[in-house]
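To start, the structure itself, in C-alpha cells.
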Amino acid sequence: MIFKIQKFEDPILEKLYNQALEELENFFQFKWEKNTPKLIVIDDRDTINAVYGKPTENWMVAWAEDTRNIFILSRENYEKYSSHKYSEGEFYKLIKHELSHMFYKLITFTDKPRWLNEGISTYISGQLDNTKPLQEFKVFLDYFDKTDAELYKESGYLIKLLMDKFGKDKISQFIKSLKGVKDPETTAKIFQDIFGVQLSYDVLNELLNK
C-alpha cells in the first residue's frame, strides 16, 4: 500500500507539541535533543485504518509508532471521524499522551507493562480530568501486554494513587528499574521492592480507600 505525505504548517499544533515535549522532559528528567518524534496528521478514518493495518474503533484517534512517529487524526476532522469532541485542550492531552509512550519506550526499552505505560500517559496528560473517581481496582493486572478502552481510566488512577501515596521519585525509580523487563512476575517483585507493598488488588484497593 502506498501513501503520500507532505510537510505543512500548523502553528497551533506546533505550539501544543512543543509544550507537551517540554513538560514531559521535565517529568521524565530526560532531554530529547535529537530525532524528536514526527507528528503525522491523517485526515480520515479510512486512512487511519489503512496505516494502522486493520479497522479501528471511533474512539481511537492517535497512536505512537515506537519512538519515531505519532499518527493523529486532524484537528479539522476530529469530530467528523471520531466519537470525541474537539477542543484545543483535549487535543493537547492527546499529543502529550502519545509522546509519553515514546519517553517510556526510550527509558525502559519496552512498552510493558501496558498498565503502567498507559497509566502514566493517561495521568500525566490530564486525561483523568472530569472523570468520576475510581472506586475499585479490578482489571488492570490483566493488561501486561495488551490494551483496550477498559484499561485507561483504571491504570490512570493507579498512577494517581502511587503519586499521592509515594511521590514522583518512587515512580521514576520504578520506571527506570523496569528497563528490559518482560514478564509480570519480575515486574511485581520490583514493584514490591520499591513501593514496599504487594502488587495486588486487595492491597491497592485498601490504599485507595484510606
Answer residue from the range 184-210, given it is at pLDDT 95 or above and either in a loop (DSSP other than H, G, I, E, B) or hydroxyl-bearing (Ser, Thr, Tyr) (or both) and is farthest from residue 135 (Cα to Cα) among those = 186
How many residues does the range 41-89 contain that are modelled with pLDDT of 95 or more, within 24 Å of residue 15 (Cα to Cα) and of a type in the set (Asp, Glu)?
-> 5
Would you pick out the residues in the range 63-115 that are in contact with a helix residue (DSSP H, G or I) (Cβ under 6 Å, 6 or more places away or on another chain), part of a helix (DSSP H, G or I) and hydroxyl-bearing (Ser, Thr, Tyr)?
-> 92, 100, 104
Search the range 3-35 for residues being surrounded by 14 or more Cβ atoms within 10 Å (Cβ to Cβ) and aromatic (Phe, Trp, Tyr), and hand back the single one that is farthest from residue 122 (Cα to Cα).
-> 32
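Considering each of 135, 127 in turn, give the residue that is of a type in the set (S, T, N, Q) and under 13 Å from the mean Cα position of the chain (by Cα).
That would be 127, the only listed residue that is of a type in the set (S, T, N, Q) and under 13 Å from the mean Cα position of the chain (by Cα).
Kindly indicate which of 121, 87, 82 is surrounded by fewer than 16 Cβ atoms within 10 Å (Cβ to Cβ), more than 21 Å from residue 198 (Cβ to Cβ) and without any contact (Cβ under 8 Å) to a residue 40 or more places away in the chain.
Working: 121 fails: surrounded by fewer than 16 Cβ atoms within 10 Å (Cβ to Cβ); 82 fails: surrounded by fewer than 16 Cβ atoms within 10 Å (Cβ to Cβ).
It is 87.
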Out of the range 36-62, which residues are in a strand (DSSP E or B), buried (at least 16 other Cβ atoms within 10 Å of the Cβ) and under 19 Å from the mean Cα position of the chain (by Cα)?
-> 39, 41, 62
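The values are calculated or read from the model by the stated rules, or taken from the named source; none is laboratory data. Since we're looking at a predicted model, the values are computed, not measured. Because the Cβ atoms are built from the backbone with ideal geometry, glycine has one as well, and the counts that use them run over all protein chains shown.
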